[in-house]
Amino acid sequence: MPQISILGCGWLGLPLAKAFLEKGFSVNGSTTSENKLTILENSGIKPFLVAVSSEGIQGNLNGFLSDSEILIIDIPPKLKGDTNENFVAKIQNLVLEIEKYSIKKVLFISSTSVYTDTENIPVITEEDIPNPDTESGRQLFESENLLLNNPKFNTTVLRFGGLIGEDRHPIKFLSGRENIENPNGPINLIHQKDCIGIILKIIEKDSWNTVFNAVASIHPSRKEYYTQKAESLGLELPKFNAEKKSVGKIIDSNKLEVVLDYKFNGI
């Protein structure tokens, strides 16, 4: 089994690392929090304190990357609000370091935010060229290309939709709110279990040098889905405002289902 390094053992990276361990892989895991090193170690993950910034990389990167064949990059761009963070510079710094080590394959966790929401609600496949309209989407798309175009390692980009899980669901934020816009926009969500299952499949199938959209195959409207979810959880219903025309997109993940022979668990 090849050794795997996971850059970013957070909400997704930590359970992903545990899933790899169950499959018999040796896993290096990074965190930016000293308090989390013990959690990683107690889980059987080799822990490393690594912080990637636009100025450079701090921490034991040598230990983290040495002897690993596969690197999974799972660090969020953190570009919401007024932040001026340069995520592309982070990835540029990381690429310079990857080239020095034995990494042959890179899996980059990206987002469907690289695709723009529009009024005609298009169906989006990997053949559609992204035209992001947010700073986060723009920097993610540029970062994708930095990795995909590097000849020194093979990259697969995985574009996740909205992330949900047992401890994470948008309805907990939307419950009881009023005047929520975009009621007829379709949802594009993916459960944490599917995120992990898809990544395991990519490694198992040795599927590199490609891009996958990763979103559950059902796309009800925001109003329909979140109303039903609030009812099922006994939460106060959200109230939507339909004065403005809804926008959105439907993300097609058929390529992933066919190439990886993967079946979604649902949302």
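The values are calculated or read from the model by the stated rules, or taken from the named source; none is laboratory data. Everything quoted here is computed from the prediction, not taken from an experiment. Note that each Cβ is placed from the backbone with ideal geometry, even for glycine, and that neighbours are counted across all protein chains shown.
Output yes when any residue across the stretch 165-177 is of a type in the set (S, T, Y) and closer than 30 Å to K105 by Cβ, and no when none is. No - not one qualifying residue is present in the stretch 165-177.
Checking the conditions here, which among T134, T112, T116 is over 19 Å from S253 (Cα atoms) and either free of Cβ contacts under 8 Å to residues at least 40 places away in the same chain or of a type in the set (S, T, Y) (or both)? One residue alone meets the criteria, T134. Criterion applied to L174, L158, L96, L146 was being in contact (Cβ under 8 Å) with a residue 60 or more places away in the chain and either over 22 Å from A242 (Cα atoms) or surrounded by 18 or more Cβ atoms within 10 Å (Cβ to Cβ) (or both), and the one residue passing it is L174. When the stretch 41-86 is limited to residues that are at pLDDT 95 or above, in a loop (DSSP other than H, G, I, E, B) and of a type in the set (A, V, I, L, M, F, W, C), the one that is farthest from P15 (Cα to Cα) turns out to be I75.
Just one of the listed residues (P220, P183) is over 21 Å from F20 (Cα atoms) and either loosely packed, with under 13 Cβ neighbours inside 10 Å or touching a residue at least 40 places away in the same chain (Cβ under 8 Å) (or both), and it is P183.
Of the residues K78, K105, the single one that is of a type in the set (D, E, K, R) and loosely packed, with under 15 Cβ neighbours inside 10 Å is K78.
Scanning the stretch 204-245 for residues that are touching a helix residue (DSSP H, G or I) at 6+ places or on another chain (Cβ under 6 Å), part of a loop (DSSP other than H, G, I, E, B) and either modelled with pLDDT under 95 or more than 24 Å from S111 (Cβ to Cβ) (or both) yields a single hit, L237.
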